[in-house]
There are 4 protein chains.
Amino acid sequence: MPKVSDEHLAARRRQILDAAAACFARDGFHRTSMQDVVRASGVSAGLVYRYFTGKDDMIAAIVTEWHDQRRILETGTPDERVARYLDHLAGTAETARLSVQIWAEAVRDPRIRELARRNVDDPRTATADALRTMPLAAGIEPDAFARILIAIYQGLVLQTAWDETLDTETYVRTVAAVLEAVTRP
Amino acid sequence: MPKVSDEHLAARRRQILDAAAACFARDGFHRTSMQDVVRASGVSAGLVYRYFTGKDDMIAAIVTEWHDQRRILETGTPDERVARYLDHLAGTAETARLSVQIWAEAVRDPRIRELARRNVDDPRTATADALRTMPLAAGIEPDAFARILIAIYQGLVLQTAWDETLDTETYVRTVAAVLEAVTRP
Amino acid sequence: MPKVSDEHLAARRRQILDAAAACFARDGFHRTSMQDVVRASGVSAGLVYRYFTGKDDMIAAIVTEWHDQRRILETGTPDERVARYLDHLAGTAETARLSVQIWAEAVRDPRIRELARRNVDDPRTATADALRTMPLAAGIEPDAFARILIAIYQGLVLQTAWDETLDTETYVRTVAAVLEAVTRP
Amino acid sequence: MPKVSDEHLAARRRQILDAAAACFARDGFHRTSMQDVVRASGVSAGLVYRYFTGKDDMIAAIVTEWHDQRRILETGTPDERVARYLDHLAGTAETARLSVQIWAEAVRDPRIRELARRNVDDPRTATADALRTMPLAAGIEPDAFARILIAIYQGLVLQTAWDETLDTETYVRTVAAVLEAVTRP
DNA sequence: CATGAATGAGCATTCATTCAT
DNA sequence: TATGAATGAATGCTCATTCAT
């Protein structure tokens with residue numbers, strides 16, 4: 001019985017998942033056929049179904065990995081968190097495109113929506129807690145401002161998904177200036 | 001002779017388009033079958049094709065209407081624009097969900113992407129011009145800050161699409177406070 | 001009650017039938033939609049169904065008219081018949097194309113096949129009778145040669161349907177020479 | 001691993017193509033639905049599309065095979081060609097019916113028309129060349145008489161398509177006698 | 001008499017999934 | 001383990017026909 005190593009299994013799974021992610025980022029979940037994934041991954045149709053129970057399972061795996069990208073804003077000193085937040089504003093275009101597809105899927109699939117919302121809520125709560133320890137400009141509600149910071153991140157992801165040439169550097173600098181103006185009144 | 005009135009024709013088109021928009025907002029463009037639209041609109045399959053050449057044409061019509069929702073930030077005094085911008089932060093959940101589906105579609109369809117980008121770029125340019133006439137906090141680049149305002153709008157749309165209960169009021173007030181902090185240094 | 005004249009009715013019917021024949025000759029019966037006929041005839045969809053019970057009825061009407069084009073070889077002196085036969089070898093391309101479509105339809109529709117076969121058999125029998133009164137070259141069976149003359153006619157119709165530029169004149173002259181060689185041994 | 005043999009693949013293709021040809025011969029190309037072909041071939045709907053890109057491709061394959069039935073009159077001594085020509089006058093009824101359907105399709109599809117015309121022109125040219133080396137009865141133009149021989153063939157195909165009981169033997173004998181009368185003046 | 005909006009069954013085709021090898 | 005041929009339900013769309021006006 002050709003029992004192969006766990007590394008081999010994991011590598012195969014990665015190979016399929018990466019190919020699928022590339023397809024999904026480009027064409028969306030529903031315009032990507034399993035044949036597309038099969039072709040892109042270089043394995044056979046049958047094999048895909050030994051690693052994933054079906055298309056939905058594959059989507060779930062990709063969404064789960066995407067979901068784990070949060071936690072950026074949940075640990076460290078406020079300054080560290082700000083630095084990491086600003087860093088992450090500049091992501092790759094493919095990641096951005098995949099995110100947008102997942103956002104759309106979150107609209108119709110409650111389980112994905114749950115994950116997507118936690119990707120907003122967990123960092124937001126953590127950020128709001130941090131903001132409450134700081135002096136804030138007049139009228140700034142910590143919780144709402146935390147939500148605004150998430151929105152700024154999401155908006156940039158969206159704009160990056162549509163325009164690879166977008167100059168994130170100036171954008172990041174100005175976000176920093178906004179943070180400065182609001183938290184150092 | 002059943003050469004019916006133009007109003008009737010327009011109303012029929014609306015009826016189909018509204019039903020389609022509701023389907024698309026809920027399930028996305030590709031998970032919505034024409035049968036779904038047919039069922040939701042209450043007309044027959046054949047009739048849909050008298051008003052639209054096909055599914056793509058229907059999507060195009062919906063995207064075009066969505067695209068015309070911009071121009072909010074392009075006319076009036078700065079104060080009027082700010083008021084209108086803040087007003088529009090609080091949209092309906094269905095509109096938000098449809099927007100997210102269109103964003104996702106914009107990733108794969110260049111024509112839709114073009115419209116989506118213009119929905120960002122036209123207001124952004126107009127806003128940046130207005131910002132240049134105002135005193136700004138240190139480090140705030142007019143163009144980047146205009147983009148941030150769009151991002152804030154987009155982020156709220158996204159969060160509204162996932163969570164109907166989201167309290168937009170506090171959010172809007174805090175956005176106003178951010179504007180205050182940045183433009184009245 | 002707007003009771004119109006019989007001439008009007010007949011003219012309307014002709015108008016529709018001619019438009020239909022043109023469509024059928026170009027695209028065949030099954031690639032021509034009723035919408036095509038409606039468009040080509042310039043009347044409304046509903047009106048077509050006041051003159052014909054349906055598409056099949058319209059086809060039947062056209063096939064019946066086509067069927068009445070036989071009888072060429074059934075009356076007159078042998079010489080007159082030969083002259084008329086040779087004359088009819090050179091038909092218009094549109095008529096030829098319509099004939100080919102009818103032939104194909106005759107393969108699947110027994111009623112049309114019956115008419116098509118009578119278009120072969122009636123002239124054939126009449127011709128064979130005439131041939132039996134003439135001296136024939138060695139080995140020429142009157143009935144088979146009559147069939148051959150029909151075949152020659154059909155073959156030219158077919159070749160005309162595919163090639164409008166076909167030179168029928170030389171062809172007709174050589175058919176006459178064949179007749180000469182066979183009937184004047 | 002079900003990388004099945006090439007023979008298996010070819011056999012499957014044949015199975016589908018034969019079933020399709022039978023359907024097309026009986027009902028014509030446009031009255032035959034893919035479901036009909038699927039039913040007749042005994043395979044699933046999906047499988048048909050692994051062997052043919054669509055209905056048009058299947059028609060093209062059948063027409064191409066049909067087209068290769070020419071060349072009968074292009075090689076060998078004149079006597080051999082005559083023998084083969086007379087042999088082929090007696091074809092099967094199904095082949096005849098398929099030919100008629102292809103002829104009709106040739107009227108509307110320029111690519112099929114091209115093949116159909118070459119099925120006339122290639123043998124005709126070869127035959128005319130052969131005829132030019134022979135003594136001919138008065139008034140017989142080699143090229144026109146070659147065309148007449150094609151017409152005789154086509155006419156018999158057509159009459160066979162409508163009438164399976166047609167006695168081809170007498171017909172063939174009389175065609176031979178005509179050839180005799182014309183080429184041995 | 002005449003219109004053309006409306007119908008819905010039927011069509012060609014795709015695609016997630018299975019299973020014999 | 002790995003393959004890819006095979007399945008069949010579902011999709012977007014067309015079209016002959018009807019009927020309210």
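The values are calculated or read from the model by the stated rules, or taken from the named source; none is laboratory data. Keep in mind that what you see is a predicted model, and the values were worked out from it rather than measured. In this analysis, Cβ positions are derived from the backbone assuming ideal geometry, glycine residues included, and neighbour counts consider all displayed protein chains.
Just a few scattered comments:
- Apart from one condition, B:I72 fits all of (1) of a type outside the set (S, T, N, Q); (2) within 16 Å of DNA strand F (Cβ to nearest atom); (3) within 20 Å of A:W162 (Cβ to Cβ); the exception is (2).
- Of all the residues in the range B:96-116, those that are closer than 24 Å to B:F145 by Cα, within 8 Å of another protein chain (Cβ to nearest Cβ) and under 12 Å from the mean Cα position of the chain (by Cα) number 3.
- Residue tally, condition more than 7 Å from chain C (Cβ to nearest Cβ) and closer than 19 Å to C:I140 by Cα, over the range D:137-159: 2
- Per the listing A:E94, A:E80, the residue uniquely surrounded by 13 or more Cβ atoms within 10 Å (Cβ to Cβ) and away from DNA strand E (no atom under 16 Å from the Cβ) is A:E94.
- Some residue of the range A:118-135 being at pLDDT 95 or above, at the interface with chain B (Cβ under 10 Å from one of its Cβ atoms) and touching a helix residue (DSSP H, G or I) at 6+ places or on another chain (Cβ under 7 Å): no
- Where a residue in the range A:31-55 is more than 14 Å from every other protein chain (Cβ to nearest Cβ) and its partner, wherever it lies, is of a type in the set (K, R), with Cβ under 8 Å and at least six apart: A:Y51/A:R12; A:Y51/A:R13
- Residue in the range C:102-113 that is aliphatic (A, V, I, L, M) and surrounded by fewer than 18 Cβ atoms within 10 Å (Cβ to Cβ) present: no
- Some residue of the range B:25-35 being modelled with pLDDT under 95 and within 17 Å of B:Q154 (Cβ to Cβ): no
- Scanning the range A:160-185 for residues that are facing another protein chain (nearest Cβ under 7 Å), buried (at least 17 other Cβ atoms within 10 Å of the Cβ) and hydroxyl-bearing (S, T, Y) gives A:Y171, A:T174.
- Among the residues of the range A:11-30, the ones that are within 14 Å of chain B (Cβ to nearest Cβ) and either touching a residue at least 40 places away in the same chain (Cβ under 8 Å) or more than 8 Å from DNA strand E (Cβ to nearest atom) (or both) come to 9 in all.
- Within the range A:56-65, considering residues that are surrounded by 13 or more Cβ atoms within 10 Å (Cβ to Cβ) and within 14 Å of chain B (Cβ to nearest Cβ), the one farthest from DNA strand E (Cβ to nearest atom): A:V63
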